[in-house]
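The values are calculated or read from the model by the stated rules, or taken from the named source; none is laboratory data. Being a predicted model, the structure only gives us computed values, none of them experimental. Cβ atoms come from the backbone with ideal geometry, glycine included; neighbour counts cover every protein chain shown. Protein only, heavy atoms only, side chains kept; ligands, DNA and RNA dropped before computing areas. Shrake-Rupley method; radii C 1.70, N 1.55, O 1.52, S 1.80 Å.
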Amino acid sequence: MFTSILVLFGFGCLSGVTTVLFGFGGGFVTVPVVAAVTSSGDAMHIAIATSTAVMVVNAGTATVVQARAGRLRREYLWPLAAFIAAGALAGSIAAAHVGDGLLRVLFAGYLGLTIADSLIRGGFLRAQGEPRPLGTATSTAGGVGIGAVASFLGVGGSVLTVPLLRRRGLPMADATAMANPLSVPVAVIGTAVYATAGSGPAGYLDPVAGAALLAGSLPTIAVVRRVADRLPDRVHAIAYVLLLAVALVAVAAGG
C-alpha cells in the first residue's frame, strides 16, 4: 500500500505538470497509473472515476491560474462549455454500464487515433494562420461530442479541445490554458455520476488514490505555472503528442 501511494504521489506531480502545460487536469496521466495499482476487477472504472475527481481540483486550480495570467478568451469558452457539460452527463452514465475490458480498449484506441491525427493532419504541430472563431456546429454538436467522449474515458476533454483550438490558429499556450476551464464541467458531472455508481461507499471513486494524486499535483501546479510560458510553441505541440504516446504504452502494458 505504501509503495502504491508513493507511486500515485509521483504521478500526481506529473499530472500537475501536464495540467499547466497541456490542460490535461490528470486524465491521461492518472487513469493508467490508478488502473495499474488497483486490484479490483473494476480497475478501469475506478481509475476513470478517480481521475475525474482529481480533475475537478486540478482543472479548477489551473483555471484560476490561467485567468490571472490573462490567457482565457470568452469567445472560445462559451457556449462551448455548456454543450460539453450536456455531453458529459450522457458519457459518464454510459461508462458506468460498460465492461472494464471494453473501456480499456476504447481508451487505448482513442489515444492512438488522437496521436495519428495530430501527426498526419496539418494544423497541430505548427499553427496555421491567424486565430479564427468557433462555428455554431462546432460549439453545439462538437461540444456535446467532446463532453460525451471525455467523460466516458475520464480524460477531461483536453485531448479533444486542445487540437480543436490549435487548428483554429491558437498558440499551444492559449489552447492548453483554455482546456482547463473546458474540462471542469466534464470533471464535475463525471464525479457526481461515478460517486453514485459502483458498490463502494464512494461509488467507483478511490479517495485514498485521489488524495495521493492531489498531494503531488497541487504544489506542482503552483511551481510549473511560473515557467510554462517559456516553452517554444512547436516544442510544446510535439511534447503534447509524445505524452499521449507514453500514456498509450502505459495503458497497453497494463492491459
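Descriptive notes on the structure:
- Euclidean distance between Cα centres, the stretch 191-216 to the stretch 4-45, Å: 13
- Taken along the Cα-to-beta-carbon direction at a fixed 7 Å, the label points for R234 and S40 span 4.6 nm.
- Degrees, to the nearest 10: 233-254 long Cα axis against longest axis of the chain: 20
- I146, I120, ranked by accessible area, largest first (probe 1.4 Å): I120, I146
- Candidates P207, P131, A108 compared by Cα position along the dipole of the stretch 76-219: farthest toward the positive end lies P131, with charges placed on Cβ.
- Most mobile of G23, G210, G190 in a GNM of the chain (Cα contacts under 10 Å): G210
- Estimated vicinal HN-Hα couplings, Hz - the stretch 39-49 in sequence order (Karplus 6.51, -1.76, 1.60; Gly, Pro = x): 8, 5, x, 9, 4, 5, 4, 5, 5, 5, 5
- Cβ-based charge dipole, the chain, positive-most Cα from A43, F152, A173: A173
- Note that the stretch 76-210 presents 38 Å² accessible area per residue, ligands and nucleic acids not counted, probe 1.4 Å.
- Accessible carbon and sulfur surface of the chain relative to its total accessible area, %, 1.4 Å: 69
- Most fluctuating residue given options A53, A82, A95, as computed from a GNM of the chain linking Cα atoms under 10 Å: A82
- Magnitude of the charge dipole, the chain, Cβ model with Lys/Arg +1 and Asp/Glu -1, debye to 20: 760
- Mean Cα-pair separation over length for the chain, i.e. relative contact order, pairs under 8 Å, 6 or more apart, %: 36
- The candidates V227, V246, arranged from most to least accessible area with a 1.4 Å probe in the full protein assembly, appear as V246, V227.
- (i) 26, 20, 17; (ii) 24, 21, 19; (iii) 35, 18, 16, with the label sought being that of the calculated semi-axes √(5λ) of the Cα gyration tensor in Å: (i)
- Cα shape, the stretch 125-171, gyration tensor, a/c 1.5 rule: oblate
- Per-residue ellipticity at 222 nm, computed for the chain from helices alone with -39500 (n - 2.57) per DSSP H run of at least four residues, works out to -24000 deg cm²/dmol.
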